[in-house]
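Reading through the structure tokens given below for one structure.
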Amino acid sequence: MSPTQPLPLVIATRESRLALWQAEHVQALLRARGHSVSLLGMTTQGDQILDRSLSKVGGKGLFVKELEVALEEGRAHIAVHSLKDVPMELPEGFALACVMEREDPRDAFVSPRYASLNALPQGAVVGTSSLRRQVLLQALRPDLKIEPLRGNLDTRLRKLDEGQYDAIVLAAAGLKRLGLQDRIRTEFATTDMLPAAGQGALGIEIRSDRQDLMAALAPLAHQETWLTVTAERAVSRAMGGSCSMPLAAHGRLVQGTLHLDAAWGDPDGSAPLVHASASAPVATLADADALGIAIAARLRAGGARAAHPVTS
Ligand SMILES: NCc1[nH]cc(CCC(=O)O)c1CC(=O)O
């Protein structure tokens, strides 16, 4: 491969500690390859709306929109996202340049007093605003009281420490990136708490007309992660997933075979959880997409209801 020209690059980033860590991580990797990289910090609607559940105010796109406007206007060139927060379909004119190596995809049990979910007393209060976590937690422990919990990681941990909750559930990846792994009491087995599509992986977004950036970013890509999260995200896309649908999808690529598990929960809470699993050899993004779409079909055959309209 021919080396790419060093470029002056600007990374648009949210200003939470986790978003900044992620942007600085990409900045360091690009600098090491000779590019000069600066950060453009911005506040998104998703950061401002802290009093309501995201599923009620418009979803994942809220964390991404302002960054895309900066790319559109040429004030920045790349945006670094937790893939979990990136909508399944990017708006016209934007593309995912690459997906980077995944951090721990699991959910973490965090509590000052209790060592694990099983150690919680009857009726304990657990904080999470994720419908996926809520549905999976209630399946494990129907007695628990699930209370909403919003805000960035530091805010959520503070609310826990103030005693508003007996425990909270967070992505292990975010805690580890910020050096907060000591707060993790147990990591959930993925069989108990199936992660969200893309959890723990970072994606880099660019304007699709900047193929030159594509080449500069290619060395940051992690192919195994990319294949895996593509299948996970295909499940979500085929179900019309959003943060108002409790949906989990988790893949593991072992020697060229992708093992994909998915779960769907009823947003109304009346229907039981639906699980589906399948494995297939996966070598291309198209293979990964096909496996995700097949799993979504199995979820629907098992009683899961897709949100409409569903494309592809
Ligand atoms: N929805 C917020 C969000 N987006 C990404 C992460 C964690 C890092 C990751 O999954 O890459 C978190 C926090 C959490 O779910 O606890």
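No lab work stands behind these numbers, since they all come straight from the coordinates. Since the model is a prediction, treat every value here as computed from it, not as a measurement. Don't worry about glycine lacking a Cβ; one is built from the backbone with ideal geometry, like all the others, and counts go over all protein chains shown.
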Rounded to the nearest 0.05, FRET efficiency between residue 279 and residue 181 (Cβ-Cβ, R0 30 Å) equals 0.45
So, relative contact order of region 107-187 in percent, Cα under 8 Å, 6 or more apart, is 49
Rounded to the nearest 500, the 222 nm mean residue ellipticity computed for the chain from DSSP H runs (n ≥ 4, each -39500 (n - 2.57)) alone is -9000 deg cm²/dmol
Once amide hydrogens are built 1.01 Å from N within the peptide plane, the residues lying 5 or more places from residue 146 or on another chain with amide H under 5 Å from its amide H are 126
Spelling it out for residue 97: with amide H atoms placed in the peptide plane at 1.01 Å from N, the residues 5 or more places away or on another chain with amide H under 5 Å from its amide H are 204, 205, 206
Computed about the Cα centre, the charge dipole of the chain from +1 Lys/Arg and -1 Asp/Glu charges at the Cβ has a magnitude in debye, to the nearest 20, of 400
About its Cα centre, region 96-186 carries a charge dipole, from +1 on Lys and Arg Cβ atoms and -1 on Asp and Glu Cβ atoms, whose size in debye to the nearest 20 is 100
Answer check: region 80-210, Cα atoms, Kirkwood Rh, Rg/Rh ratio of 1.03
Simple spin-label estimate for residue 293/residue 89, 7 Å along Cα→Cβ, in nm, reads 1.4
If every Lys and Arg gets +1 and every Asp and Glu gets -1 at its Cβ, then about the Cα centre region 213-312 yields a dipole, in debye to the nearest 20, of 120
Scoring the chain by relative contact order with C-alpha pairs under 8 Å, at least six apart, yields a percentage of 19
Here the equivalent ellipsoid of the chain, derived from its Cα gyration tensor, has semi-axes (largest first, whole Å) of 31, 24, 18
Whole-Hz Karplus couplings 3J(HN,Hα) for region 100-113, θ = phi - 60° and coefficients 6.51, -1.76, 1.60, Gly and Pro as x, run 9, 4, 7, 7, 3, x, 7, 8, 10, 8, 10, 7, x, 10
For region 207-312, the Kirkwood Rh over every pair of distinct alpha carbons, in Å, works out to 14.5
Place a point 7 Å from the Cα of residue 271 in the direction of its beta carbon; the residues of region 284-307 whose amide N falls under 11 Å from it are 299-307
